[in-house]
Amino acid sequence: MQYHIRRTLVELLSADAWKARIVFWCGAVLVGVLATLFAWGTEEANRLFLGSAARWPFMPLLLSPVGLVVVVWLTRRYVPGAKGSGIPQAIAALSMREHESRSLLLSFRIALAKIGLCLLGMLCGASIGREGPTVHVGAAVMFSLGRFARFPHHYMDRGLILAGGAAGIAAAFNTPLAGILFAIEEMARSFEERTSGTLLTAVFLAGITAVALQGNYVYFGTSSASLAPGQILLPIFLCGILGGALGGLFSQTLIVISRRVAGLSGHHPYLLAAGCGLVIALVGIYTHGATFGTGYHEARRIVTGEGELGTAYPFLKMLATWASYISGIPGGIFAPSLATGAGVGNSLAALLPAYPAGAIVILGMVGYFTGVVRTPITAFVIVMEMTDNNSLLLPLMATAFIAHATSHIVCPVPIYQALAEAFLPRRAQPGEG
């Protein structure tokens, strides 16, 4: 007993231990600062592009293809580890054992380049989000801090990467609970007691920093939509099955197309980027700008009941997001998927005029989003936190789990797990050796 007490006191008073704590705390604060700057930059980039597109409607036909070619060239030339969402890189790094292999995917250079290149993509109208890249940034920053302090082995093994990813989600959405759950449910696929304190500390510090800089906002605005007890079943099954099926279709299609164009991407990357940019431009012009960018403002208008979008919007947003990701530029699918889900809910609400439209929109959002990312607990918690709506908790839970089951039929392998394989060394890929 005395031995354990003495050992605990030594660990608490150790200079190396305090150095590690201070570096770790500063890292979590830095993640919050970078997430906030990223959020502000995203808003400005979207505003500049949409303002220019409104003034010169056909400008995207030139800017989007040329801009994406430039972003792909910069990515391939200087930071190849920064392409795509960033969540697959964090997942791949978790499964690696060599520090050098992880460093190819997680570094300060990649973190800063990720932010800059994503903002360039948004200035070109790409249908990408900042949330997945913020996970990459958080994981890269926290992992890179390992060389500045003697962290315990479990910090270096998984804790720093998980904590950085969780902090990134928490700071990006102002959804601390969802950040923790996403790290456990998607990135780790399990809960490890030894990293729980690391996760909580990082999320708390990053979240507090982001709130201090941005204010304690609700991502999509407050919604008071609810369903009467007798109205629950039909919307749950409709949004769960249709939303999950469409989300699974999006993921499966993206996985298949990404693998099939891998050769073209290797031999003719700029031709592919230009073609994808042209698709993004044509779809955006057709929708009068609704499919450009993150989709945040479109989703917010639908959730708060301030506007509507056509029935074709979710399918066109899916197309723009496919093209953006396949082009090879850095950028996430979180925000575009939430916007697409809001569009799905809006379309379903038109089929159920006797039901509260706001509630159907939120259920459609969680159904589609779950179908894409296949993390049902994270999905209903993140949507609940982003809309500040507790009255739909049980319907959100039920919709998420039905959507998860439906999506599994359409897309057997979760999208981030499948995309992570591209970043693993050949000898580490499943089914080989």
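The numbers here are math on the coordinates, done by the rules we state, and not lab data. Just so it is clear, the model here is predicted, and its values are computed rather than measured. Here the Cβ is made from the backbone with ideal geometry for all residues, glycine too, and neighbour counts use every protein chain on show.
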Estimated vicinal HN-Hα couplings, Hz - segment 253-263 in sequence order (Karplus 6.51, -1.76, 1.60; Gly, Pro = x): 5, 5, 4, 5, 5, 4, 6, 6, 8, 4, x
Label-point separation, Leu37 to His268 (7 Å along Cα→Cβ), nm: 3.9 nm
Interchain or long-range residues, amide H under 5 Å from Gly129's placed H: Gly332, Ile333, Phe334, Ala335
Estimated distance in nm for a label pair at Val66 and Ile208, the labels positioned 7 Å out from Cα along Cα-to-Cβ: 4.8 nm
Using a Förster distance of 35 Å, the FRET efficiency for His288-Ile409 (Cβ separation, nearest 0.05): 0.50
Karplus-derived HN-Hα couplings along segment 265-271 (A = 6.51, B = -1.76, C = 1.60, θ = phi - 60°), whole Hz, x at Gly and Pro: 5, x, 9, 9, x, 7, 5
Gain on full stretching of the segment that runs from Leu393 to Leu112 - 0.36 nm per residue minus C-alpha separation: 97.5 nm
Mean Cβ count within 10 Å, highest first, over the residues of peptides 363-371, 33-41: 363-371, 33-41
Extended-chain gain in nm, criterion 0.36 nm per residue less alpha-carbon gap, Glu100 and Phe58: 10.5 nm
Under-5 Å amide H pairs with Gly84, H placed in peptide plane, nonlocal only: Ile329, Gly331
Note, ³J(HN,Hα) from phi for segment 21-26, Karplus 6.51, -1.76, 1.60, rounded to Hz, x at Gly and Pro: 5, 5, 4, 5, 5, 4
Least to most buried among Cys239, Cys276 (fewest other Cβ within 10 Å first): Cys276, Cys239
Amide H partners (placed H, <5 Å) of Met96, local residues excluded: none
